[in-house]
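Working notes for the structure below.
The values are calculated or read from the model by the stated rules, or taken from the named source; none is laboratory data. All of these numbers come straight from a predicted model, not from anything done at the bench. Glycine also receives a Cβ, built like all others from the backbone with ideal geometry; neighbour counts cover every protein chain displayed. Each accessible area value is taken on the protein alone, full model and side chains, heavy atoms only, with ligands, DNA and RNA left out. Shrake-Rupley method; radii C 1.70, N 1.55, O 1.52, S 1.80 Å.
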Amino acid sequence: MVAKRKFHITTFGCQMNEHDSEIMAGLLEENGYLQASSRDKADIVIFNTCSIRENADKRFFGTLGQLKNRKKTEGENFTVCVCGCMMQQQHIIDTLKEKYPWVDVVFGTHNLHRLPQLLENLYNEKKKQMDIWPEGGEIVEDLPAKRLFPHKSFVNIMYGCNNFCSYCIVPYTRGRERSRKPEDIIKEINGLAQDGVKEITLLGQNVNSYRGYGENGQTDFTDLIYMIADIEGIERIRFMTSHPKDLSDRLIDAFKNCKKLCKYIHLPVQSGSDKVLKAMNRRYSRDDYFRLVEKLRDAVPDIAISTDIIVGFPGETEADFEDTLDLARRVNFDSAFTFLYSVRKGTPAAVAKDQIPEDIKHERFNRLVDVINRSAAEKNLKYRGQVKEILVDGSSRGGNGFCEGRTDEFKLVNFIGDTKLVGEMVKVKITDSNTFSLKGEIQK
(Lines give C-alpha, C1' and ligand atoms only; values in the text may rest on other atoms or scores of the structure.)
Protein backbone atom coordinates (compact mmCIF):
# COMPACT_ATOMS: atom_id res chain seq x y z
CA MET A 1 0.00 0.00 0.00
CA VAL A 2 1.38 3.39 -1.06
CA ALA A 3 1.60 5.89 1.82
CA LYS A 4 -0.51 9.00 1.37
CA ARG A 5 1.40 12.21 0.76
CA LYS A 6 1.40 14.78 3.56
CA PHE A 7 1.20 18.53 3.00
CA HIS A 8 2.05 21.64 4.98
CA ILE A 9 1.02 25.20 4.11
CA THR A 10 2.94 28.30 5.21
CA THR A 11 0.84 31.46 4.92
CA PHE A 12 2.18 34.98 4.56
CA GLY A 13 -0.03 38.06 4.84
CA CYS A 14 -3.65 38.90 5.47
CA GLN A 15 -6.85 37.13 6.50
CA MET A 16 -7.72 36.62 2.82
CA ASN A 17 -4.55 34.56 2.47
CA GLU A 18 -5.31 32.68 5.70
CA HIS A 19 -8.71 31.70 4.35
CA ASP A 20 -7.24 30.76 0.97
CA SER A 21 -4.91 28.40 2.84
CA GLU A 22 -7.88 26.91 4.72
CA ILE A 23 -9.55 26.25 1.36
CA MET A 24 -6.41 24.64 -0.09
CA ALA A 25 -6.15 22.40 2.98
CA GLY A 26 -9.79 21.41 2.56
CA LEU A 27 -9.28 20.64 -1.13
CA LEU A 28 -6.21 18.51 -0.47
CA GLU A 29 -7.83 16.51 2.34
CA GLU A 30 -10.87 15.96 0.13
CA ASN A 31 -8.51 14.49 -2.47
CA GLY A 32 -6.83 12.05 -0.08
CA TYR A 33 -3.83 14.04 1.12
CA LEU A 34 -2.99 14.31 4.82
CA GLN A 35 -2.02 17.44 6.76
CA ALA A 36 1.45 17.30 8.32
CA SER A 37 2.15 18.85 11.71
CA SER A 38 5.24 20.70 10.43
CA ARG A 39 7.09 21.54 7.24
CA ASP A 40 9.84 19.02 8.04
CA LYS A 41 7.32 16.17 8.13
CA ALA A 42 5.60 17.10 4.86
CA ASP A 43 6.09 15.59 1.41
CA ILE A 44 4.39 18.63 -0.13
CA VAL A 45 5.31 22.13 1.06
CA ILE A 46 3.10 25.02 -0.07
CA PHE A 47 3.92 28.72 0.36
CA ASN A 48 0.95 31.09 0.09
CA THR A 49 2.58 34.45 -0.55
CA CYS A 50 1.73 38.11 0.11
CA SER A 51 2.76 41.22 -1.81
CA ILE A 52 1.61 44.00 0.51
CA ARG A 53 5.00 44.66 2.14
CA GLU A 54 8.59 44.26 0.99
CA ASN A 55 9.42 42.31 4.16
CA ALA A 56 6.90 39.62 3.16
CA ASP A 57 8.72 39.21 -0.17
CA LYS A 58 12.08 38.86 1.55
CA ARG A 59 10.76 36.41 4.16
CA PHE A 60 9.22 34.25 1.45
CA PHE A 61 12.36 34.04 -0.69
CA GLY A 62 14.50 33.43 2.39
CA THR A 63 12.27 30.60 3.58
CA LEU A 64 11.96 29.12 0.10
CA GLY A 65 15.73 29.07 -0.32
CA GLN A 66 16.07 26.88 2.78
CA LEU A 67 14.40 24.02 0.89
CA LYS A 68 16.86 23.87 -2.00
CA ASN A 69 19.13 21.20 -0.47
CA ARG A 70 16.16 19.06 0.61
CA LYS A 71 14.72 19.21 -2.91
CA LYS A 72 18.10 18.27 -4.36
CA THR A 73 18.35 15.29 -1.98
CA GLU A 74 14.79 13.97 -2.19
CA GLY A 75 13.94 14.86 -5.77
CA GLU A 76 10.50 13.67 -6.90
CA ASN A 77 9.65 12.50 -3.39
CA PHE A 78 9.48 16.12 -2.20
CA THR A 79 7.15 18.67 -3.82
CA VAL A 80 7.45 22.47 -3.49
CA CYS A 81 4.49 24.68 -4.46
CA VAL A 82 4.25 28.47 -4.40
CA CYS A 83 1.06 30.47 -4.88
CA GLY A 84 -0.70 33.67 -3.85
CA CYS A 85 -0.36 37.36 -4.62
CA MET A 86 3.35 37.42 -5.42
CA MET A 87 2.77 34.95 -8.24
CA GLN A 88 0.53 37.46 -10.06
CA GLN A 89 3.56 39.66 -10.76
CA GLN A 90 5.77 38.93 -13.75
CA HIS A 91 9.03 40.07 -12.11
CA ILE A 92 8.43 37.52 -9.33
CA ILE A 93 7.82 34.75 -11.87
CA ASP A 94 11.03 35.75 -13.64
CA THR A 95 12.95 35.55 -10.34
CA LEU A 96 11.52 32.09 -9.61
CA LYS A 97 12.52 30.79 -13.04
CA GLU A 98 16.03 32.20 -12.73
CA LYS A 99 16.92 31.49 -9.09
CA TYR A 100 14.48 28.78 -7.96
CA PRO A 101 13.99 26.51 -11.00
CA TRP A 102 13.52 23.50 -8.69
CA VAL A 103 10.06 24.70 -7.58
CA ASP A 104 7.48 22.20 -8.85
CA VAL A 105 4.13 24.03 -8.92
CA VAL A 106 3.37 27.75 -9.34
CA PHE A 107 -0.14 29.25 -9.38
CA GLY A 108 -1.83 32.54 -8.46
CA THR A 109 -4.72 34.00 -6.51
CA HIS A 110 -7.50 33.25 -8.99
CA ASN A 111 -7.14 29.50 -9.42
CA LEU A 112 -6.30 27.96 -6.04
CA HIS A 113 -9.19 25.53 -6.61
CA ARG A 114 -7.00 23.85 -9.25
CA LEU A 115 -4.28 22.81 -6.78
CA PRO A 116 -5.28 19.10 -6.63
CA GLN A 117 -5.34 18.96 -10.44
CA LEU A 118 -1.94 20.66 -10.70
CA LEU A 119 -0.44 18.13 -8.30
CA GLU A 120 -2.00 15.25 -10.22
CA ASN A 121 -0.57 16.66 -13.47
CA LEU A 122 2.86 16.98 -11.84
CA TYR A 123 2.91 13.38 -10.65
CA ASN A 124 1.45 11.88 -13.84
CA GLU A 125 3.33 13.95 -16.40
CA LYS A 126 6.60 14.32 -14.43
CA LYS A 127 6.55 17.94 -15.56
CA LYS A 128 6.60 21.18 -13.58
CA GLN A 129 3.28 23.04 -13.44
CA MET A 130 2.86 26.80 -13.85
CA ASP A 131 -0.71 28.09 -14.08
CA ILE A 132 -1.23 31.85 -13.63
CA TRP A 133 -4.57 33.42 -14.51
CA PRO A 134 -4.39 37.18 -15.24
CA GLU A 135 -8.08 37.63 -14.36
CA GLY A 136 -10.38 35.95 -11.86
CA GLY A 137 -13.23 34.74 -14.04
CA GLU A 138 -16.32 33.26 -12.43
CA ILE A 139 -16.33 32.82 -8.65
CA VAL A 140 -16.04 29.13 -7.77
CA GLU A 141 -18.53 28.12 -5.06
CA ASP A 142 -18.80 25.18 -2.64
CA LEU A 143 -15.07 24.81 -2.00
CA PRO A 144 -14.20 22.91 1.19
CA ALA A 145 -12.14 24.53 3.94
CA LYS A 146 -10.08 23.12 6.80
CA ARG A 147 -10.84 25.68 9.51
CA LEU A 148 -8.26 26.65 12.11
CA PHE A 149 -11.02 26.92 14.75
CA PRO A 150 -14.16 24.74 14.84
CA HIS A 151 -16.25 27.53 16.35
CA LYS A 152 -15.38 30.44 14.05
CA SER A 153 -14.75 30.91 10.37
CA PHE A 154 -13.71 33.34 7.67
CA VAL A 155 -16.19 33.86 4.83
CA ASN A 156 -15.18 35.61 1.61
CA ILE A 157 -17.99 37.83 0.36
CA MET A 158 -16.06 39.50 -2.46
CA TYR A 159 -12.71 39.41 -4.23
CA GLY A 160 -10.47 42.10 -5.65
CA CYS A 161 -10.38 45.87 -5.32
CA ASN A 162 -11.26 48.88 -7.49
CA ASN A 163 -9.67 51.60 -5.37
CA PHE A 164 -6.12 51.78 -6.76
CA CYS A 165 -4.49 53.45 -3.78
CA SER A 166 -1.19 54.65 -5.17
CA TYR A 167 0.93 52.49 -2.81
CA CYS A 168 -1.06 49.25 -3.12
CA ILE A 169 -0.46 46.23 -5.34
CA VAL A 170 -3.74 44.45 -4.48
CA PRO A 171 -5.80 45.51 -7.55
CA TYR A 172 -3.03 44.09 -9.71
CA THR A 173 -2.73 40.77 -7.82
CA ARG A 174 -6.33 40.15 -6.71
CA GLY A 175 -8.03 41.76 -9.71
CA ARG A 176 -11.13 43.93 -9.86
CA GLU A 177 -14.02 43.70 -7.42
CA ARG A 178 -16.28 40.68 -7.78
CA SER A 179 -19.06 40.12 -5.25
CA ARG A 180 -20.53 36.74 -4.45
CA LYS A 181 -24.26 36.20 -4.75
CA PRO A 182 -25.98 36.77 -1.40
CA GLU A 183 -27.77 33.41 -1.52
CA ASP A 184 -24.40 31.63 -1.96
CA ILE A 185 -23.00 33.44 1.09
CA ILE A 186 -26.09 32.66 3.18
CA LYS A 187 -25.96 29.01 2.10
CA GLU A 188 -22.32 28.77 3.18
CA ILE A 189 -22.95 30.41 6.55
CA ASN A 190 -26.01 28.24 7.19
CA GLY A 191 -23.75 25.22 6.67
CA LEU A 192 -21.13 26.65 9.00
CA ALA A 193 -23.75 27.30 11.70
CA GLN A 194 -24.95 23.71 11.41
CA ASP A 195 -21.32 22.63 11.85
CA GLY A 196 -21.03 24.51 15.15
CA VAL A 197 -19.60 27.85 14.00
CA LYS A 198 -20.66 30.71 16.27
CA GLU A 199 -18.58 33.59 14.89
CA ILE A 200 -17.97 34.52 11.29
CA THR A 201 -15.66 37.16 9.85
CA LEU A 202 -16.71 38.50 6.46
CA LEU A 203 -13.71 39.15 4.22
CA GLY A 204 -13.07 41.47 1.32
CA GLN A 205 -10.48 44.05 0.30
CA ASN A 206 -13.27 46.62 0.83
CA VAL A 207 -16.38 44.99 2.25
CA ASN A 208 -18.23 48.33 2.24
CA SER A 209 -18.44 48.20 -1.55
CA TYR A 210 -20.04 44.74 -1.61
CA ARG A 211 -22.83 44.60 -4.19
CA GLY A 212 -24.28 41.13 -4.59
CA TYR A 213 -26.83 40.50 -7.33
CA GLY A 214 -29.08 37.61 -6.43
CA GLU A 215 -32.61 36.29 -6.83
CA ASN A 216 -34.10 39.40 -5.20
CA GLY A 217 -31.99 42.00 -6.97
CA GLN A 218 -29.11 43.94 -5.45
CA THR A 219 -27.95 43.38 -1.88
CA ASP A 220 -25.53 45.82 -0.26
CA PHE A 221 -23.21 45.11 2.65
CA THR A 222 -25.54 46.29 5.38
CA ASP A 223 -28.40 44.23 3.91
CA LEU A 224 -26.10 41.22 3.99
CA ILE A 225 -25.25 41.72 7.67
CA TYR A 226 -28.92 41.74 8.66
CA MET A 227 -29.53 38.62 6.56
CA ILE A 228 -26.70 36.82 8.34
CA ALA A 229 -27.96 37.97 11.73
CA ASP A 230 -31.14 35.97 11.10
CA ILE A 231 -29.19 32.70 10.87
CA GLU A 232 -29.73 30.55 13.96
CA GLY A 233 -26.49 29.55 15.69
CA ILE A 234 -24.43 32.51 14.50
CA GLU A 235 -23.78 34.67 17.56
CA ARG A 236 -21.11 37.08 16.33
CA ILE A 237 -20.50 38.84 13.01
CA ARG A 238 -17.23 40.61 12.23
CA PHE A 239 -15.77 41.97 8.99
CA MET A 240 -12.45 43.01 7.46
CA THR A 241 -11.66 45.45 6.03
CA SER A 242 -13.56 48.72 5.72
CA HIS A 243 -12.67 51.69 3.50
CA PRO A 244 -13.57 55.08 5.05
CA LYS A 245 -14.87 56.56 1.79
CA ASP A 246 -17.56 53.85 1.58
CA LEU A 247 -18.60 53.62 5.24
CA SER A 248 -22.33 54.38 5.11
CA ASP A 249 -24.64 55.77 7.79
CA ARG A 250 -26.72 52.58 7.45
CA LEU A 251 -23.71 50.44 8.32
CA ILE A 252 -22.88 52.70 11.27
CA ASP A 253 -26.47 52.35 12.48
CA ALA A 254 -26.16 48.56 12.21
CA PHE A 255 -23.54 48.61 14.97
CA LYS A 256 -26.24 50.03 17.24
CA ASN A 257 -29.23 48.07 15.95
CA CYS A 258 -27.84 44.63 15.09
CA LYS A 259 -27.08 42.74 18.29
CA LYS A 260 -24.89 40.14 16.57
CA LEU A 261 -22.64 42.68 14.82
CA CYS A 262 -19.57 43.00 17.04
CA LYS A 263 -18.81 46.45 18.40
CA TYR A 264 -15.46 46.66 16.68
CA ILE A 265 -14.34 48.14 13.37
CA HIS A 266 -11.02 48.14 11.57
CA LEU A 267 -10.98 51.45 9.69
CA PRO A 268 -7.64 52.09 7.93
CA VAL A 269 -6.72 55.78 7.84
CA GLN A 270 -3.15 55.38 6.45
CA SER A 271 -2.21 59.04 7.11
CA GLY A 272 -3.42 62.09 9.02
CA SER A 273 -2.23 64.52 6.36
CA ASP A 274 -4.64 65.70 3.65
CA LYS A 275 -1.74 66.19 1.26
CA VAL A 276 -0.53 62.62 1.76
CA LEU A 277 -4.06 61.18 1.63
CA LYS A 278 -4.55 62.85 -1.74
CA ALA A 279 -1.23 61.49 -3.01
CA MET A 280 -2.29 58.05 -1.77
CA ASN A 281 -5.57 58.37 -3.75
CA ARG A 282 -7.59 57.59 -0.62
CA ARG A 283 -10.48 59.94 -1.57
CA TYR A 284 -11.31 61.25 1.90
CA SER A 285 -9.84 63.95 4.17
CA ARG A 286 -8.75 63.88 7.79
CA ASP A 287 -11.93 65.79 8.67
CA ASP A 288 -13.99 63.14 6.86
CA TYR A 289 -12.31 60.52 9.00
CA PHE A 290 -12.97 62.46 12.21
CA ARG A 291 -16.66 62.73 11.26
CA LEU A 292 -16.89 58.96 10.73
CA VAL A 293 -15.30 58.29 14.12
CA GLU A 294 -17.74 60.72 15.74
CA LYS A 295 -20.71 58.97 14.09
CA LEU A 296 -19.45 55.55 15.17
CA ARG A 297 -19.01 56.66 18.78
CA ASP A 298 -22.38 58.42 18.77
CA ALA A 299 -23.95 55.13 17.69
CA VAL A 300 -21.91 52.95 20.07
CA PRO A 301 -19.90 54.98 22.62
CA ASP A 302 -17.63 52.07 23.56
CA ILE A 303 -16.99 50.78 20.04
CA ALA A 304 -13.38 49.64 19.54
CA ILE A 305 -11.60 51.16 16.55
CA SER A 306 -8.36 49.91 15.04
CA THR A 307 -6.57 51.20 11.97
CA ASP A 308 -3.67 50.94 9.52
CA ILE A 309 -1.09 53.74 9.25
CA ILE A 310 1.77 54.03 6.75
CA VAL A 311 4.86 55.98 7.82
CA GLY A 312 7.22 57.55 5.32
CA PHE A 313 5.04 57.70 2.21
CA PRO A 314 6.85 59.55 -0.60
CA GLY A 315 6.79 63.29 -0.02
CA GLU A 316 5.74 63.04 3.64
CA THR A 317 7.17 66.05 5.47
CA GLU A 318 7.64 66.42 9.20
CA ALA A 319 4.49 68.57 9.23
CA ASP A 320 2.57 65.81 7.44
CA PHE A 321 3.76 63.29 9.98
CA GLU A 322 2.78 65.60 12.85
CA ASP A 323 -0.72 65.62 11.35
CA THR A 324 -0.72 61.83 11.58
CA LEU A 325 0.40 61.93 15.23
CA ASP A 326 -2.30 64.51 15.94
CA LEU A 327 -4.98 62.34 14.33
CA ALA A 328 -3.82 59.28 16.27
CA ARG A 329 -3.97 61.18 19.57
CA ARG A 330 -7.39 62.65 18.84
CA VAL A 331 -9.00 59.41 17.67
CA ASN A 332 -7.38 57.45 20.50
CA PHE A 333 -7.27 54.10 18.67
CA ASP A 334 -7.65 50.80 20.47
CA SER A 335 -4.86 49.41 18.30
CA ALA A 336 -3.13 50.01 14.99
CA PHE A 337 -1.09 48.17 12.41
CA THR A 338 1.77 50.53 11.67
CA PHE A 339 3.95 50.09 8.60
CA LEU A 340 7.01 51.65 7.06
CA TYR A 341 6.20 52.56 3.47
CA SER A 342 7.77 50.03 1.11
CA VAL A 343 8.06 50.35 -2.64
CA ARG A 344 5.75 47.99 -4.54
CA LYS A 345 6.89 47.61 -8.13
CA GLY A 346 4.08 48.44 -10.52
CA THR A 347 2.34 51.01 -8.31
CA PRO A 348 2.34 54.80 -8.96
CA ALA A 349 4.07 55.57 -5.64
CA ALA A 350 6.98 53.31 -6.55
CA VAL A 351 8.25 55.79 -9.15
CA ALA A 352 7.80 58.90 -6.99
CA LYS A 353 11.04 60.90 -6.82
CA ASP A 354 10.64 62.12 -3.24
CA GLN A 355 11.18 58.81 -1.42
CA ILE A 356 11.83 59.18 2.32
CA PRO A 357 15.21 58.01 3.72
CA GLU A 358 15.02 54.86 5.86
CA ASP A 359 16.45 56.50 8.98
CA ILE A 360 13.71 59.16 8.94
CA LYS A 361 11.05 56.48 8.39
CA HIS A 362 12.25 54.50 11.40
CA GLU A 363 12.47 57.55 13.65
CA ARG A 364 8.91 58.56 12.77
CA PHE A 365 7.69 54.99 13.10
CA ASN A 366 8.98 54.76 16.67
CA ARG A 367 7.26 58.01 17.62
CA LEU A 368 3.98 56.79 16.17
CA VAL A 369 4.19 53.43 17.94
CA ASP A 370 4.65 55.27 21.26
CA VAL A 371 1.42 57.20 20.66
CA ILE A 372 -0.52 54.09 19.59
CA ASN A 373 0.72 52.01 22.52
CA ARG A 374 -0.24 54.71 25.02
CA SER A 375 -3.77 54.95 23.65
CA ALA A 376 -4.11 51.15 23.52
CA ALA A 377 -3.04 50.84 27.16
CA GLU A 378 -5.44 53.61 28.20
CA LYS A 379 -8.32 51.94 26.36
CA ASN A 380 -7.59 48.57 27.93
CA LEU A 381 -7.33 50.08 31.40
CA LYS A 382 -11.01 51.04 31.21
CA TYR A 383 -11.99 47.36 30.99
CA ARG A 384 -10.75 46.60 34.50
CA GLY A 385 -13.65 45.59 36.74
CA GLN A 386 -16.01 44.97 33.82
CA VAL A 387 -17.58 41.56 33.19
CA LYS A 388 -17.26 40.66 29.50
CA GLU A 389 -18.60 37.77 27.47
CA ILE A 390 -15.70 35.85 25.92
CA LEU A 391 -15.72 33.34 23.08
CA VAL A 392 -13.04 30.85 24.17
CA ASP A 393 -10.50 30.06 21.45
CA GLY A 394 -8.14 27.67 23.27
CA SER A 395 -5.09 27.50 25.46
CA SER A 396 -3.30 30.80 26.00
CA ARG A 397 -0.01 31.24 24.21
CA GLY A 398 1.44 32.02 27.64
CA GLY A 399 0.51 28.56 28.96
CA ASN A 400 0.31 27.96 32.73
CA GLY A 401 -3.27 26.71 32.61
CA PHE A 402 -4.62 29.87 30.99
CA CYS A 403 -7.18 29.98 28.19
CA GLU A 404 -7.68 32.86 25.80
CA GLY A 405 -10.56 34.35 23.90
CA ARG A 406 -11.96 37.59 22.54
CA THR A 407 -14.49 40.09 23.76
CA ASP A 408 -17.15 41.51 21.47
CA GLU A 409 -14.71 44.42 20.94
CA PHE A 410 -11.98 41.98 19.81
CA LYS A 411 -9.93 42.42 22.98
CA LEU A 412 -7.72 39.42 23.77
CA VAL A 413 -8.43 38.08 27.28
CA ASN A 414 -6.35 35.51 29.20
CA PHE A 415 -7.93 33.66 32.12
CA ILE A 416 -7.57 30.43 34.10
CA GLY A 417 -9.85 27.87 32.47
CA ASP A 418 -10.34 24.37 31.10
CA THR A 419 -9.83 23.73 27.38
CA LYS A 420 -13.21 21.97 27.48
CA LEU A 421 -14.58 25.52 27.29
CA VAL A 422 -13.21 26.03 23.75
CA GLY A 423 -15.99 27.30 21.53
CA GLU A 424 -18.17 28.32 24.47
CA MET A 425 -19.26 31.79 25.52
CA VAL A 426 -18.21 32.50 29.12
CA LYS A 427 -18.45 35.54 31.37
CA VAL A 428 -15.09 36.82 32.57
CA LYS A 429 -14.40 39.65 35.01
CA ILE A 430 -11.43 41.73 33.84
CA THR A 431 -8.89 42.03 36.65
CA ASP A 432 -5.83 43.44 34.88
CA SER A 433 -4.74 44.95 31.59
CA ASN A 434 -1.71 45.85 29.54
CA THR A 435 -1.06 47.36 26.13
CA PHE A 436 -2.00 44.32 24.09
CA SER A 437 -4.32 42.16 26.20
CA LEU A 438 -6.56 41.78 29.25
CA LYS A 439 -6.53 39.33 32.13
CA GLY A 440 -9.56 38.05 33.96
CA GLU A 441 -11.39 35.47 36.04
CA ILE A 442 -14.35 33.34 35.01
CA GLN A 443 -17.57 34.28 36.78
CA LYS A 444 -19.50 31.31 38.15
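How about the stretch 13-41: which of its residues are open to solvent by less than 30 Å² (accessible area, probe 1.4 Å) and under 25 Å from Q88 (Cβ atoms)?
M16, N17, H19, D20, S21, E22, I23, M24, A25, G26, L27, L28
Pull up the stretch 181-205, narrow it to residues that are under 18 Å from the mean Cα position of the chain (by Cα) and part of a loop (DSSP other than H, G, I, E, B), then point me to the one that is modelled with the highest pLDDT.
Initially, the stretch 181-205 is screened for residues under 18 Å from the mean Cα position of the chain (by Cα), giving 199-205.
Narrowing the set further to residues that are part of a loop (DSSP other than H, G, I, E, B) leaves 204-205.
Working: G204: 94, Q205: 91.
Among those that are under 18 Å from the mean Cα position of the chain (by Cα) and part of a loop (DSSP other than H, G, I, E, B), it is G204.
If I ask for residues that are open to solvent by less than 60 Å² (accessible area, probe 1.4 Å) and either part of a helix (DSSP H, G or I) or among the polar types (S, T, N, Q) (or both), which ones from the stretch 348-357 would you list?
Filtering the stretch 348-357 down to residues open to solvent by less than 60 Å² (accessible area, probe 1.4 Å) leaves 349-350, 352, 356.
Listed by number, the residues that qualify are A349, A350.
Which of the residues that make up the stretch 320-347 are in contact with a Phe, Trp or Tyr (Cβ under 6 Å, 6 or more places away or on another chain) and in a strand (DSSP E or B)?
Within the stretch 320-347, just L340 meets the criteria.
Name the single residue that is nearest to the chain's Cα centre (by Cα) among those in the stretch 380-436 being aromatic (F, W, Y) and under 21 Å from K260 (Cα atoms).
Going residue by residue through the stretch 380-436, those that are aromatic (F, W, Y) are 383, 402, 410, 415, 436.
So of that shortlist, the ones also under 21 Å from K260 (Cα atoms) come out as 383, 410.
Details: Y383: 26, F410: 14 Å.
Residue satisfying both the conditions and the ranking: F410.
Give the stretch 81-91 a look and list any residue that's surrounded by fewer than 23 Cβ atoms within 10 Å (Cβ to Cβ) and in contact with an Asp or Glu (Cβ under 8 Å, 6 or more places away or on another chain), or say none.
Once the filter is applied, which keeps residues that are surrounded by fewer than 23 Cβ atoms within 10 Å (Cβ to Cβ) and in contact with an Asp or Glu (Cβ under 8 Å, 6 or more places away or on another chain), the stretch 81-91 yields only C81.
Keeping to the stretch 294-319, report how many residues are assigned to a loop (DSSP other than H, G, I, E, B), open to solvent by 50 Å² or more (accessible area, probe 1.4 Å) and more than 22 Å from R374 (Cβ to Cβ).
Looking only at the stretch 294-319, we keep the residues that are assigned to a loop (DSSP other than H, G, I, E, B), and these are 300-303, 312-317.
Subsequent filtering for residues that are open to solvent by 50 Å² or more (accessible area, probe 1.4 Å) retains 301-302, 317.
From what's left, more than 22 Å from R374 (Cβ to Cβ): 317.
Of the residues in that region, 1 qualify.
Of all the residues that make up the stretch 130-152, how many are charged (D, E, K, R), assigned to a loop (DSSP other than H, G, I, E, B) and within 23 Å of I189 (Cα to Cα)?
Taking the stretch 130-152 first, the residues charged (D, E, K, R) are 131, 135, 138, 141-142, 146-147, 152.
Still in the list and also assigned to a loop (DSSP other than H, G, I, E, B): 135, 138, 141-142, 146-147.
Those left that are additionally within 23 Å of I189 (Cα to Cα): 138, 141-142, 146-147.
Looking only at that region, the number is 5.
Need at least 3 residues that are among the hydrophobic types (A, V, I, L, M, F, W, C) and surrounded by 16 or more Cβ atoms within 10 Å (Cβ to Cβ) per element, so show me which strands (runs of 3 or more DSSP E) inside the stretch 358-444 make the cut, counting only ones lying wholly within it.
Details: elements: 387-395, 402-406, 412-416, 425-433, 438-442.
Once the strands (runs of 3 or more DSSP E) in the stretch 358-444 are filtered for at least 3 residues that are among the hydrophobic types (A, V, I, L, M, F, W, C) and surrounded by 16 or more Cβ atoms within 10 Å (Cβ to Cβ), what remains is 387-395, 412-416, 425-433.
Within the stretch 208-251, track down each residue that is part of a helix (DSSP H, G or I), small (G, A, S) and surrounded by 19 or more Cβ atoms within 10 Å (Cβ to Cβ). Show your work before the answer.
Taking the stretch 208-251 first, the residues part of a helix (DSSP H, G or I) are 208-209, 221-229, 244-246, 249-251.
With the extra rule that they be small (G, A, S), the set shrinks to 209, 229.
Residue satisfying the conditions is S209 alone.
It is to be established whether one or more residues within the stretch 251-270 are touching a strand residue (DSSP E or B) at 6+ places or on another chain (Cβ under 9 Å) and over 21 Å from E409 (Cα atoms).
Scanning the stretch 251-270 turns up at least one residue that is touching a strand residue (DSSP E or B) at 6+ places or on another chain (Cβ under 9 Å) and over 21 Å from E409 (Cα atoms).
Please determine whether any residue of the stretch 256-271 is of a type outside the set (D, E), in a helix (DSSP H, G or I) and either over 12 Å from T222 (Cα atoms) or in contact (Cβ under 8 Å) with a residue 40 or more places away in the chain (or both).
Yes, the stretch 256-271 contains at least one residue that is of a type outside the set (D, E), in a helix (DSSP H, G or I) and either over 12 Å from T222 (Cα atoms) or in contact (Cβ under 8 Å) with a residue 40 or more places away in the chain (or both).
Can you spot a residue in the stretch 8-27 that is out of contact with any helix residue (DSSP H, G or I) (no Cβ under 8 Å at 6 or more places or on another chain), more than 18 Å from P116 (Cα to Cα) and of a type in the set (D, E)?
As a first pass, look at the stretch 8-27 and keep what is out of contact with any helix residue (DSSP H, G or I) (no Cβ under 8 Å at 6 or more places or on another chain): 14-16, 18-19, 21-22, 25-26.
When the remaining residues are screened for being more than 18 Å from P116 (Cα to Cα), the result is 14-16, 18.
Then drop every residue that is not of a type in the set (D, E), which leaves 18.
Yes - at least one qualifying residue is present in the stretch 8-27.
Which of the residues spanning the stretch 1-49 are touching a residue at least 24 places away in the same chain (Cβ under 8 Å), more than 21 Å from L64 (Cβ to Cβ) and out of contact with any strand residue (DSSP E or B) (no Cβ under 6 Å at 6 or more places or on another chain)?
E22, I23, G26, L27, E29, E30, N31, G32, listed by residue number.
Among the residues that make up the stretch 102-125, is at least one of them more than 30 Å from R180 (Cα to Cα), at pLDDT 90 or above, among the small types (G, A, S) and open to solvent by less than 20 Å² (accessible area, probe 1.4 Å)?
No.
Among the residues of the stretch 262-290, which ones are within 11 Å of L327 (Cα to Cα), touching a helix residue (DSSP H, G or I) at 6+ places or on another chain (Cβ under 6 Å) and of a type in the set (F, W, Y)?
The one that is within 11 Å of L327 (Cα to Cα), touching a helix residue (DSSP H, G or I) at 6+ places or on another chain (Cβ under 6 Å) and of a type in the set (F, W, Y): Y289.
Looking only at strands (runs of 3 or more DSSP E) that lie completely in the stretch 42-120, which have at least 1 residues being among the small types (G, A, S)?
On the way: elements: 44-49, 79-84, 105-107.
By residue number, 79-84.
So K275 clears everything in (1) touching a residue at least 40 places away in the same chain (Cβ under 8 Å); (2) surrounded by fewer than 21 Cβ atoms within 10 Å (Cβ to Cβ); (3) within 30 Å of Y226 (Cβ to Cβ) except one condition, right? Which one?
With respect to (1) touching a residue at least 40 places away in the same chain (Cβ under 8 Å); (2) surrounded by fewer than 21 Cβ atoms within 10 Å (Cβ to Cβ); (3) within 30 Å of Y226 (Cβ to Cβ), K275 is out only on (3).
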